[in-house]
Amino acid sequence: MRDAAPANASPAASVPTPPPQVRRANVARAGLVVTILLLAVVTVITLDLPSLERVARGLKNNAVPLLRGFVQPRWEIAPLAFSSMAETFFMAVIGTTIGAILAFPLSFLAAGNLLGGTRFAVPGKTVLVAIRTFPEILLAIIFVAATGPGPTAGIMAMGIHSIGFLGKIFADVIEGIDPGPNEAIRAAGGGALLVFVWSVVPQVLPEFASNVLYRFEINLRAATVLGLVGAGGIGLPLIQRLQFRRWEEVSMLLIVIVAFVIVVDALSGRIRRRLV
Amino acid sequence: MLPEPAATSQIPERPAGQRKVAAATLATFVALFLVSAWQTGFSVGDLATGTGDFFRFFGRMVPDWSYLPKVWGPILETIQIAYLGTLFGTALALPLLFLASANTTTDRVTLAVSRSVLTVLRSIPDLLYAALLAPILAIGPLPGVVALTLFSMAVLAKLGSETVEAADPGPMEAVRATGAGRNRVIVYAVVPQVAATMTSYILYVFEINVRASVIIGLVGAGGIGQDLLARLNFFAYGDVSTIIVVIFVLVLAIDALSVWARSKLI
Amino acid sequence: MIEFRDLEVTYPNGFKALKGIDLTIPKGQFVVIVGLSGAGKSTLIRTVNHLVPPSKGDVVIDGRSVGGANRSELRRIRSKIGMIFQTFNLVKRSSVLRNVLAGRLGHVSPLRGLLGLFSKHDLGLAHESLRRVGIPEKAWQRADALSGGQQQRVGIARALAQQPEVMLADEPVASLDPPTSHAVMSDLKRISREDGITTLVNLHFIDMAREYADRIVGMRDGVIVFDGTPDEATDQAFEDIYGRPIDEEKDLRGAA
C-alpha cells in the first residue's frame with residue numbers, strides 16, 4: 001500500500017537512514033551500556049553478601065541508635081569531640097605545610113620549561129605520581145608501625161602524600177606560565193635568579209596558594225580517619241566508640257566532624273576565589 | 001646625559017591597606033603553624049627521624065612472592081566494590097544533580113534542601129562511611145559498596161550540578177519554547193550538553209573509588225585492606241609488601257585505563 | 001651607534017632567519033623595520049641584546065662588541081637597552097610599580113634585586129617613568145587591571161626606568177587598536193627625541209612606518225631589501241618589500 005503512494009505523501013518513507021559511522025557509534029554505545037549492566041549483575045551475584053535477616057538485624061540494633069543520637073547527641077563528650085577535632089585540624093595544617101614546602105623545589109625540577117628541561121621532568125613527574133598513588137592511610141599504617149602511634153605518624157603520612165599531589169599540580173602550573181615576562185627581565189639585564197624571583201614566582205604564587213588550600217580541605221577530611229589506624233586525631237575516639245557500639249557518642253563525634261569540615265570548606269573556598 | 005628623576009619627595013606612598021593585609025595574612029599562617037606544632041607535639045626533628053624510620057622499615061619489607069596467589073581473590077573483590085559503588089552512586093546522583101542545579105530546579109526550598117544534604121554527605125570521607133557501616137551491615141563487601149555509593153553520589157551530584165549550571169541556556173530556552181516541561185528540557189537540552197563532562201567525572205570518581213576500596217578493608221568493609229591489616233597484625237611484612245606492590249600496580253593500571261577512556265571521550 | 005656586521009642567525013631547527021645583515025644606525029635615530037612575519041624582523045631586534053645569539057657575525061654598540069661580552073658584561077650591556085614587546089610581557093598579577101622597577105634590576109646589586117630593596121633613586125626613576133608615559137596614578141594597581149594601551153605604557157615605562165641608550169620595540173602596537181597604536185607610537189617617538197635614544201621598532205603597518213620613522217629598513221627572507229627615508233618608501237618600494245601588491249592587503253595600511 002505504502003509503496004504505491006507518492007513519496008512525499010508519507011514522511012516516514014522518505015526518512016534517510018543514518019550513515020554507517022553513526023550506526024556503528026550507536027551500536028558501540030548500546031553494547032557498552034549492556035556490558036556495564038551485565039558486569040554489575042555478575043558482580044552482585046559473585047560478591048559475598050550477608051543475608052537479608054543479618055542486614056535487618058544490624059539496621060535495627062545499630063542504625064536506629066545512631067540516628068537517635070543525631071537528634072539527642074551526648075553532650076557530655078562534646079569537649080572530647082572538640083579537642084580531638086582541634087588536634088585533627090592542627091595535624092592537617094602541619095601535614096599540608098610540610099607537603100607544600102617540600103613540593104615547591106621538587107615541582108621546579110619536574111616542570112619541563114625551566115630547569116634542565118625534560119632531563120629532570122620525566123623522572124620527576126614519575127616520582128611525584130608514584131608518591132600520590134599510595135593512599136595516606138596506607139602510609140599512616142607504615143608510619144605507625146615504624147615510629148609508633150600518635151599524631152606525628154599521621155602528619156608524616158599526610159605530608160608525603162601531599163608532596164606527590166601538590167608537586168604534580170605545581171609542576172603543571174609552572175609549565176603554564178607566560179614566558180614573556182621572563183624574556184623581559186632577561187632583556188633588562190636580569191640573570192636566572194632574578195627571572196625566577198621577579199617573573200616566575202609572582203606568576204605561580206596565587207595558584208600555588210589556591211591549590212595548597214584545596215589540599216588542606218582534602219587533608220582535613222583525611223585527618224579525621226587517620227586515627228582509625230592510630231595515627232592521631234578524632235578517628236581514635238571514634239573507632240573506640242564504634243567498637244563498643246556507643247552509637248549516641250558516635251553521633252556526637254560525627255556532628256562535630258561534619259560541622260568543622262563544612263565551615264573550613266566554606267572559608268577556604270572563599271579565600272581561594274579571591275586569590276585567583 | 002639622561003634626565004635624572006624629579007625630587008624624590010614626590011614619590012607616592014603605597015596604600016596602607018595592601019601592606020597590612022599582606023602582613024596580617026603572613027602572621028596568621030605563621031601563628032597557625034606554630035600553634036599546630038605545639039598542640040600536636042610535632043617538631044622539625046621528627047621529620048628527619050620519621051623519614052629515617054620509614055625507610056629503615058621499608059628496607060625490611062621485601063615482598064614475599066609466594067603470597068601472591070592469595071592476593072587475587074581479595075583484589076578482585078576490591079575492584080568489584082569500586083565498580084558497584086561507582087555504578088550505584090552514579091544512578092543515584094543523576095536525578096539528584098538536577099535537583100541541586102539552580103537552572104533546572106526553580107523551587108528554592110527543594111534546591112536548598114538538596115544542596116545541604118549533598119554538602120553534609122560530602123563532608124564525610126569514604127573511609128568513615130565504611131567504618132560506620134561495617135558494624136551495621138555486617139563485616140564484608142556490603143558496607144564497602146554502600147559507603148562508596150554514598151560518597152560517589154555526593155561527589156558526582158556536586159560536580160554534576162556545577163556542570164549543569166554552566167550549561168548554555170540557549171538550547172534550554174529553545175526546547176522550552178516548544179512547550180516542553182522541565183523533564184523534557186533536561187533530556188533534550190541539558191543532557192546532550194553535559195554528557196561528555198559527566199562521563200569524565202564518573203571515570204574520575206571510579207579512580208577515587210579504587211583507591212578507597214583498597215583501604216576500606218581496614219575497618220572491615222571488604223576488599224584487600226582486610227588481608228593487609230591481618231598480615232600486618234601477624235608482622236608478616238613480606239606478605240604486606242606483596243599486597244602493597246599489587247595495590248600500587250592496580251591503582252596505576254586503573255588510572256591509566258581511566259586516562260585512556262577519557263581521551264576517547266573527546 | 002649600532003653596527004650589525006655580516007650577521008647571520010640559524011635556529012636549531014635549521015631555519016635561517018638572518019642571511020648576512022650589514023647595517024649601521026647612528027645615535028638617536030628612530031628606525032622602523034618593516035616586512036612580512038617570518039622576514040627576520042624579530043630575530044634582528046633580538047640580536048642587539050643577544051636574546052637571540054648570532055650564528056655568525058657580530059653586533060657592535062658604541063664600539064663594544066656584544067658577541068665578545070662575557071655573562072656579566074652582557075648583563076651590563078642589556079641594562080642599557082630597553083625593550084618593548086608585542087604582548088607587553090608584564091607580570092600581570094604584580095603591581096604596575098613592581099613591573100616598572102623590574103627595569104632597574106640590571107642596575108642594582110643582585111642581592112638588592114632579589115630582595116626588592118630599591119633606593120629612593122630607583123623608586124624616583126620608576127615614578128618619573130610612569131609620569132612620562134602619562135599614568136603616574138596607576139602605580140599601585142595590578143597590571144592586569146589596566147587597558148591594553150595602558151599596559152603597553154607600563155612596558156615603555158619599564159624600559160625607560162633603565163635609562164636606556166638604545167630602545168628595541170618588537171611590534172609594540174600589534175595588539176592595540178588603531179587610535180591607541182598612534183598614541184603609543186607618538187609616546188615612543190617623543191621619548192626617543194627628548195632623551196636621544198637610538199630606537200629600533202618593528203612594525204607591520206606601512207602608514208605608521210612612514211609617519212613616525214626617521215629611516216625605514218625593509219626586510220624579506222632574512223635580508224635587507226630596502227633602506228631609505230620615509231619619502232623614498234613609496235608604495236612601489238613597499239610592494240617590493242612585501243613581494244605583492246599592497247592594495248589587496250588592506251590590513252597593511254592600518255589607517256585609523
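A short reminder: the numbers here are calculations on the coordinates, not readings from a lab. Note that the structure is predicted; figures quoted are calculated from it, not measured. Cβ coordinates were reconstructed from backbone atoms using ideal geometry, including for glycine residues, and neighbour counts include every protein chain displayed.
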- request: Report relative contact order for chain B in percent, whole number only (criteria: Cα-Cα under 8 Å, sequence separation at least 6).
  value: 25 percent
query: When the Karplus curve 6.51 cos²θ - 1.76 cosθ + 1.60 is applied with θ = phi - 60°, which whole-Hz ³J(HN,Hα) does each residue of segment C:91-103 get, with x for Gly and Pro?
result: 7, 4, 8, 8, 6, 4, 4, 4, 4, 5, 4, 4, x
query: Mind checking which helices in chain B clear 18 Å along their axis (Cα) and have mean Kyte-Doolittle hydropathy of 1.0 or more, DSSP H runs only?
result: B:68-99, B:141-165, B:237-265
message: Residues of segment C:15-33 with backbone nitrogen within less than 12 Å of a virtual label 7 Å along the Cα-to-Cβ line of C:Asp235, please, listed as ranges.
response: none
message: Suppose R0 equals 25 Å. What FRET efficiency, 1/(1 + (r/R0)^6) with r the Cβ-Cβ distance, do A:Leu32 and B:Tyr188 give to the nearest 0.05?
response: 0.70
message: Give the lysines whose C-alpha is closer than 20 Å to that of C:Lys19, dropping any in the same chain fewer than 8 places away, or say none.
response: C:Lys41, C:Lys56
message: I'd like to verify something in chain A: which complete DSSP H helices, judged by Cα projection on the helix axis, reach 30 Å or more and average at least 1.0 on the Kyte-Doolittle scale?
response: A:20-46, A:78-110, A:151-175, A:247-275
- prompt: How far apart, in nm, are two points set 7 Å out from the Cα along the Cα-to-Cβ line at B:Glu165 and at C:Asp144?
  reply: 2.2 nm
- line: Those chymotrypsin sites (Phe, Trp or Tyr not before Pro) from segment B:211-266 that are DSSP loop and have at most 10 other Cβ neighbours within 10 Å turn out to be B:Phe234, B:Phe235
message: Under 17 Å between alpha carbons, and skipping anything fewer than 8 positions from B:Lys264 in its own chain: which lysines qualify?
response: none
statement: Taking only the Cα positions of segment B:106-171, the convex hull volume per residue in Å³ is 97 Å³
message: Given an 8 Å cut-off on Cα distances and at least 6 residues of separation, report the relative contact order of segment B:129-266 as a percent.
response: 27 percent
statement: Taking GluC sites (Glu not before Pro) in a DSSP loop with at most 14 other Cβ atoms within 10 angstrom as exposed, one finds the longest site-free stretch of chain C at C:1-231
field: Shape category assigned to segment C:104-234 from the gyration tensor of Cα positions, a/c cut at 1.5
entry: prolate
Helix C:148-161 axis, angle to chain C major axis (alpha carbon atoms, nearest 10°): 70 degrees
message: Report the Rg/Rh value for segment A:83-170, based on alpha-carbon coordinates and the Kirkwood definition of Rh.
response: 1.07
- request: Would you work out the relative contact order for chain A, in percent, from Cα pairs under 8 angstrom that are 6 or more residues apart?
  value: 25 percent
- request: Please work out whether segment A:139-271 counts as rounded, prolate or oblate from its C-alpha gyration tensor, where a ≥ b ≥ c are the square roots of the eigenvalues and a/c under 1.5 means rounded, while otherwise a/b larger than b/c means prolate and anything else oblate?
  value: prolate
query: Summing Lys, Arg as +1 and Asp, Glu as -1, what charge do residues with Cβ under 13 Å from the Cβ of C:Gly218 carry, C:Gly218 excluded?
result: -2
task: Work out the P(r) tail for the protein assembly as shown: percent of alpha carbon pairs separated by more than 37 Å, whole number.
output: 57 percent
- prompt: Under the rule of -39500 (n - 2.57) per DSSP H run of 4 or more residues, summed and divided by the residues of the protein assembly as shown, what mean residue ellipticity at 222 nm is obtained, to the nearest 500 deg cm²/dmol?
  reply: -20500 deg cm²/dmol
field: Over 28 Å between alpha carbons, listed pairs A:Lys168/C:Lys16; A:Lys168/B:Lys158; C:Lys92/C:Lys120
entry: A:Lys168/C:Lys16
task: Report, for the protein assembly as shown, the % of DSSP beta bridges that are antiparallel, rounded to 5.
output: 55 percent
